[in-house]
Amino acid sequence: MMAISPEPGYPAGMKRAGKHIFLDLLHSEGVDVIFGNPGTTELPLLDAFVVEDRLRYILGLNEVVVMGMADGYAQATGRLAVCNLHAAPGLGNAMGMLYNAARAGAPILVTAGQQDMSIRLTEPLLWDDLATMARPLCKWSFEVASLAELPRAVRRAAKVALTAPTGPVFLSIPGDVLTAMAGDELDLLAPTRIGPRLRGDADAIAAAAALIRASTAPVIFAGDHVARSGAHDELAALAEAIGAPVYLEGMANTAAFPSNHRLYAGTVARMTPALRALMEQHDLLISIGADLLTQSQATGVEALAPGTKVVHLDDEPWQIGKNFAATAAIQGDARATLPELTALVADCGAHRSTAIAAGLAAKKAALFARADAMAGDLPLQPMPVLKLIGELLPDNAIVIEELLSSGMNTVRHLVPAVAPDSWFGMRGGGIGVAIPQAAGIQLAHPDRPVVVLSGDGSALYSIAALWTLAHYKLPVVTVIFNNQSYRILKQRTRAIGGHSAEADSFVAMDLQDPAIDFMAMAKAHGVAGVRAETLDAVRTAFTTALAAGTPTLIEIIVDREV
Ligand SMILES: Cc1ncc(C[n+]2csc(CCOP(=O)(O)OP(=O)(O)O)c2C)c(N)n1
Ligand SMILES: [Mg+2]
């Protein structure tokens with residue numbers, strides 16, 4: 001039994017308040033930071049922080065920022081991240097970012113203060129049924145009715161968030177749970193961690209090997225699970241052995257395969273006609289933890305031809321065969337399972353690898369040549385800017401990407417994404433997550449350069465995160481590609497071929513009149529601001545910002561033509 005330690009400053013044997021017990025529980029679950037934005041229902045917790053020296057409270061100026069920070073921290077560490085929101089409106093504000101975190105499988109314990117149980121029935125201000133609000137986006141959602149329930153609820157929440165498929169969980173914590181007192185009669189219980197290295201079923205692996213050996217043109221799609229599992233080497237060994245290009249899944253979030261590997265083929269298209277064209281060139285799709293196949297818009301075209309055979313390995317059974325029948329279906333951890341598969345296929349396609357790599361190298365060279373050809377253009381084109389940033393980026397940097405039209409499927413060639421924990425971006429598609437995530441990631445990795453690549457429109461959803469960077473001295477370099485528009489929406493509107501395409505006119509997609517003053521925005525939040533309109537200026541601004549040790553916002557003026 002874990003005994004209750006005395007409240008700081010009080011003699012042993014005294015009863016201890018729920019607010020301290022809550023922090024004891026989190027500390028013993030390995031938590032060292034809570035991201036939050038406080039209100040009346042959370043005041044007991046904030047009061048506890050006055051004498052708390054094991055955990056830090058990191059303030060975000062709204063719940064979009066708070067939830068995004070927790071998401072970044074959770075994804076960058078793989079450990080439990082905790083955030084604390086303010087009752088129903090705070091949880092409501094956080095929902096978009098909670099959606100992103102859920103899609104990314106980020107292990108987060110989302111908590112919200114709740115009105116006291118004693119007045120719950122009267123429907124007080126800020127009250128609502130929080131557990132029901134959070135439930136669709138969380139693996140488990142529960143309202144803690146008493147201090148007696150708190151230890152078991154926190155233990156279960158942490159275990160559920162961290163067990164594959166990892167993801168957010170929610171606890172509603174009424175104020176009177178935090179102010180109630182308990183003594184040694186309350187057992188704080190202990191953490192449970194389920195070992196993640198589940199090895200796939202031997203028969204399913206043998207079935208997958210047989211399909212691969214019979215294939216003449218296999219293709220591999222790699223997803224977040226590969227990065228989380230740390231299975232780069234194991235996947236590279238498989239790809240070389242079977243002679244297959246490796247694509248990242250459509251809404252590629254992590255560096256699921258090292259971009260400097262000779263079989264790295266970039267991200268797959270998000271639109272199904274392009275995806276279908278790619279799949280016509282292959283007779284077997286091998287998905288290693290990829291989301292098959294996220295569509296960003298209905299096109300009426302199926303991504304896979306009928307009868308395409310699929311080998312599907314994932315730690316998440318829900319994903320396996322979800323939309324496309326898995327001919328061989330393996331539930332397991334990639335790093336633990338791939339070596340057995342690679343051994344069984346015995347270099348069956350290794351003879352193809354060099355030719356495939358040569359083809360990919362030629363495509364990559366052509367892309368770099370295209371970027372070089374645009375190097376003299378003004379206003380700047382995104383491609384030469386990205387190529388330059390890629391050249392200047394330190395090896396141990398972490399990139400958080402939310403570029404939309406400035407990035408698409410070129411950014412992950414032009415800016416290297418090598419280590420499995422070196423890149424995060426846009427899993428859920430809800431924009432405004434990048435700068436908050438960067439704050440969480442920089443807190444998790446204080447010694448690594450952290451760089452945000454964001455569109456102007458996206459940055460504005462959560463620009464208040466700049467203040468958190470300044471306040472906690474987090475030296476994130478925030479690079480904003482400013483085209484004064486929602487350019488990707490213009491491209492998509494034009495593609496549907498209606499009045500916009502005909503008249504070259506777009507409603508509600510220009511961020512002008514007035515233009516957003518990003519330099520004033522930086523100054524207002526206490527971070528350094530630099531505007532760059534040429535490649536030379538980008539070079540100077542980026543190298544200076546990396547060396548500064550304090551946060552910088554770099555605004556790059558890029559072409560706004562659609
Ligand atoms: C929370 C949320 N609101 C709205 C959207 C719709 N949306 C997708 S991209 C986009 C515009 C992005 O603009 P910007 O970041 O400037 O990139 P650009 O398209 O100009 O390259 C919008 C509004 C979204 N994905 N998520
Ligand atoms: Mg824009």
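The values are calculated or read from the model by the stated rules, or taken from the named source; none is laboratory data. Keep in mind that this is a model prediction, so the values were computed, not measured. Every residue, glycine among them, receives a Cβ derived from its backbone with ideal geometry; neighbour counts consider all protein chains shown.
Remarks
- Yes/no for GLY425 being modelled with pLDDT under 95, more than 14 Å from ligand 2 (Cβ to nearest atom) and within 26 Å of THR550 (Cβ to Cβ): yes
- Selection status of ALA104, over 15 Å from VAL160 (Cβ atoms) and within 23 Å of the chain's Cα centre (by Cα): yes
A quick yes/no check of all residues on (1) over 22 Å from ASP447 (Cα atoms); (2) among the small types (Gly, Ala, Ser); (3) at pLDDT 95 or above:
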| residue | (1), (2), (3) |
| --- | --- |
| PRO6 | yes, no, no |
| ALA17 | yes, yes, yes |
| HIS20 | yes, no, yes |
| ILE34 | no, no, yes |
| LEU43 | yes, no, yes |
| ASP47 | yes, no, yes |
| ASP71 | no, no, yes |
| GLY78 | no, yes, yes |
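- Verdict on LEU414 being touching a helix residue (DSSP H, G or I) at 6+ places or on another chain (Cβ under 9 Å), in the same structural domain as MET519 (by TED's automatic domain parsing), touching a residue at least 12 places away in the same chain (Cβ under 8 Å) and within 16 Å of ligand 1 (Cβ to nearest atom): yes
- Tallying residues that are out of contact with any strand residue (DSSP E or B) (no Cβ under 9 Å at 6 or more places or on another chain) and surrounded by 14 or more Cβ atoms within 10 Å (Cβ to Cβ) within the range 508-525 yields 1.
- Scanning the range 439-453 turns up no residue that is of a type in the set (A, V, I, L, M, F, W, C), surrounded by fewer than 21 Cβ atoms within 10 Å (Cβ to Cβ), within 16 Å of ligand 2 (Cβ to nearest atom) and free of Cβ contacts under 8 Å to residues at least 60 places away in the same chain.
- Given (1) part of a strand (DSSP E or B); (2) under 24 Å from VAL226 (Cβ atoms), index of the condition VAL418 fails: (1)
- Unmet criterion (only one of (1) in a helix (DSSP H, G or I); (2) within 32 Å of the chain's Cα centre (by Cα); (3) not hydrophobic (A, V, I, L, M, F, W, C)) for ASP203: (2)
- Picking from residues in the range 113-164 that are under 17 Å from PRO89 (Cβ atoms) and of a type in the set (Gly, Ala, Ser), the one that is surrounded by the fewest Cβ atoms within 10 Å (Cβ to Cβ) is ALA131.
- Scope the range 500-527; condition in contact with a helix residue (DSSP H, G or I) (Cβ under 9 Å, 6 or more places away or on another chain) and more than 19 Å from LEU460 (Cβ to Cβ); matching residues: SER500, ALA501, ASP504, SER505
- Of all residue pairs spaced 6 or more apart or on separate chains, those with beta-carbon atoms under 7 Å, a first member in the range 222-233 that is of a type in the set (Val, Ile, Thr) and a second member that is crowded, with 24+ Cβ neighbours inside 10 Å and assigned to a helix (DSSP H, G or I) are VAL226/LEU235; VAL226/ALA334.
- Any chance LYS490 is basic (Lys, Arg), assigned to a loop (DSSP other than H, G, I, E, B) and modelled with pLDDT of 95 or more: no
- Options LEU386, LEU367, LEU404: the member that is closer than 28 Å to ILE220 by Cβ, buried (at least 19 other Cβ atoms within 10 Å of the Cβ) and either out of contact with any strand residue (DSSP E or B) (no Cβ under 6 Å at 6 or more places or on another chain) or among the aromatic types (Phe, Trp, Tyr) (or both): LEU386
- Screening GLY113, GLY105, GLY96 for residues that are outside the structural domain of ASP421 (by TED's automatic domain parsing), at negative phi and in contact with a Ser or Thr (Cβ under 6 Å, 6 or more places away or on another chain) leaves exactly one candidate, GLY113.
- Selection count where residues are surrounded by fewer than 12 Cβ atoms within 10 Å (Cβ to Cβ) and free of Cβ contacts under 8 Å to residues at least 12 places away in the same chain, scope the range 370-379: 1
- Yes/no for GLU402 being within 29 Å of GLY230 (Cα to Cα) and under 14 Å from the mean Cα position of the chain (by Cα): yes
- Positions within the range 174-198 being surrounded by 14 or more Cβ atoms within 10 Å (Cβ to Cβ), under 22 Å from PRO317 (Cβ atoms) and modelled with pLDDT of 95 or more, in sequence order: LEU198
- Taking the range 507-518 as the range and being in contact (Cβ under 8 Å) with a residue 24 or more places away in the chain and part of a loop (DSSP other than H, G, I, E, B) as the test, the residues that pass are MET509, LEU511, GLN512, ALA515, ILE516.
- Every residue from the range 370-384 that is outside any loop (DSSP other than H, G, I, E, B) and within 18 Å of VAL562 (Cβ to Cβ): LEU380, PRO382, MET383
- THR294 vs. criteria polar (S, T, N, Q), out of contact with any Phe, Trp or Tyr (no Cβ under 8 Å at 6 or more places or on another chain) and modelled with pLDDT of 95 or more: no
- ALA459 within 16 Å of ligand 2 (Cβ to nearest atom) and under 19 Å from GLY425 (Cα atoms): yes
- Subset of the range 221-257 [in contact with a Phe, Trp or Tyr (Cβ under 7 Å, 6 or more places away or on another chain) and outside any helix (DSSP H, G or I)]: PHE221, ALA222, VAL246, TYR247, LEU248, GLU249, ASN253, THR254, ALA255, PHE257
- Any hit, the range 477-487, residues being buried (at least 18 other Cβ atoms within 10 Å of the Cβ), under 25 Å from LEU61 (Cα atoms), more than 16 Å from ligand 2 (Cβ to nearest atom) and under 23 Å from the mean Cα position of the chain (by Cα): yes
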